[in-house]
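Before any comments, here is the structure.
The values are calculated or read from the model by the stated rules, or taken from the named source; none is laboratory data. Nothing here was measured: the structure is a model prediction, and the numbers come from that model. Cβ placement follows ideal geometry from the backbone for every residue including glycine, while neighbour counts extend to all protein chains displayed.
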Amino acid sequence: MINIATWNINSVNARLPALLAYLNEKQPDFMLLQEIKCQNDNFPAEEIAKAGYHAIVSGQKSYNGVAILSKEELLNPLYALPEVPQSDTPQARFVQGETKDGLKIISVYVPNGNPPLKDPTSKEKLYYKLAWQDALTAYAKKLLAENASFIIGGDFNVIINDADVYNPEAYRTNALMVPEVRQKMQDLHNLGLVNAFKTFHPEGGNYSFWDYTMKAWQRNMGMLIDDILLSPDLAPRLQESFIDKPMRGIEKASDHVPLWAVLG
């Protein structure tokens, strides 16, 4: 049995008490974190260890950052996506570890892609996102060619279907669901990867993110942008996948909630 959760925590230090309580209560085998928003030296490794978890961390000051927490120590850590596109500032968006049985566990934080407010017509961030998605697909294709078993979880920053957002018309030109971005996500699925949550919940209307503004949580103005993808060989083991929606209502909540997959 494998219990794995992915959670864009929106600052691991700001939400450390909630994380430790969650690990203690839910006991995932693997917890994939995104937007930890700290450098490796500032990651709360000691507190995580006291909770019974090892950590592989790829941090970045104030922005981005990903981690894998695991009950067993993972081997062969990889801290950057191979052939990742270049940017002005290195971006910590990928980390991988491997179990003793050879299962690769990957946490990703795909770029958002929307332009900065100071330059709303710029396409630079969108082009970077598309290139990053291409690099992730190429890497998954390489793993499949090697007959590797793997799980990729994280914040993909893609609204896959219209039913995955409260108001699709409001997001037609948003980098979360423009056709090019959706196609890149489909390219990843087309490799034969299995979307754990959508396997059980294809109907839509289930969200993993609610913005802090506009009383989005209270009004259920959400979107599904977090996913767990499995290599095809793991599909027969998939037993359950769910979103832990109540976590959005806790004190000092992240704007995302954990999404889980259970494998037999």
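Screening I151, I228, I243 for residues that are over 19 Å from L81 (Cβ atoms) and not hydroxyl-bearing (S, T, Y) leaves exactly one candidate, I243. The listed residues are L103, L136, L130, L143, and the only one of them that is surrounded by 21 or more Cβ atoms within 10 Å (Cβ to Cβ) and modelled with pLDDT of 95 or more turns out to be L136.
Residues in the stretch 30-62 that are among the aliphatic types (A, V, I, L, M) and outside any strand (DSSP E or B) were compared, and the one that is surrounded by the most Cβ atoms within 10 Å (Cβ to Cβ) is I36. Filtering the stretch 71-97 down to residues that are touching a strand residue (DSSP E or B) at 6+ places or on another chain (Cβ under 8 Å) and of a type in the set (G, A, S), which residue is surrounded by the fewest Cβ atoms within 10 Å (Cβ to Cβ)? Looking at the filtered set, the residue picked out is A80.
Looking only at the stretch 75-97, count how many residues are within 18 Å of the chain's Cα centre (by Cα) and either acidic (D, E) or part of a strand (DSSP E or B) (or both).
So in the stretch 75-97, the residues within 18 Å of the chain's Cα centre (by Cα) come out as 77-82, 84, 91-97.
If we keep only those that are either acidic (D, E) or part of a strand (DSSP E or B) (or both) too, we end up with 77-78, 94-97.
Going through the stretch 75-97 one residue at a time, the tally reaches 6.
Across the stretch 6-22, the qualifying residues are those that are of a type in the set (A, V, I, L, M, F, W, C) and in contact with a Leu (Cβ under 7 Å, 6 or more places away or on another chain), and the one among them that is nearest to G264 (Cα to Cα) is W7. Among the residues making up the stretch 63-74, those that are part of a loop (DSSP other than H, G, I, E, B) and modelled with pLDDT of 95 or more are N64, G65, K71, E72, E73, L74.
What are the residues in the stretch 30-48 that are out of contact with any Leu (no Cβ under 9 Å at 6 or more places or on another chain) and closer than 24 Å to A80 by Cβ, if any? Matches in the stretch 30-48: Q34, E35, I36, K37, C38, Q39, N40, D41, N42, F43, A45. Checking A261, A216 one by one, the residue that is over 21 Å from A138 (Cα atoms) and touching a helix residue (DSSP H, G or I) at 6+ places or on another chain (Cβ under 8 Å) is A261 and no other.
If the condition is being assigned to a helix (DSSP H, G or I) and in contact with a strand residue (DSSP E or B) (Cβ under 7 Å, 6 or more places away or on another chain), then the stretch 141-187 contributes L143, D164, Y171.
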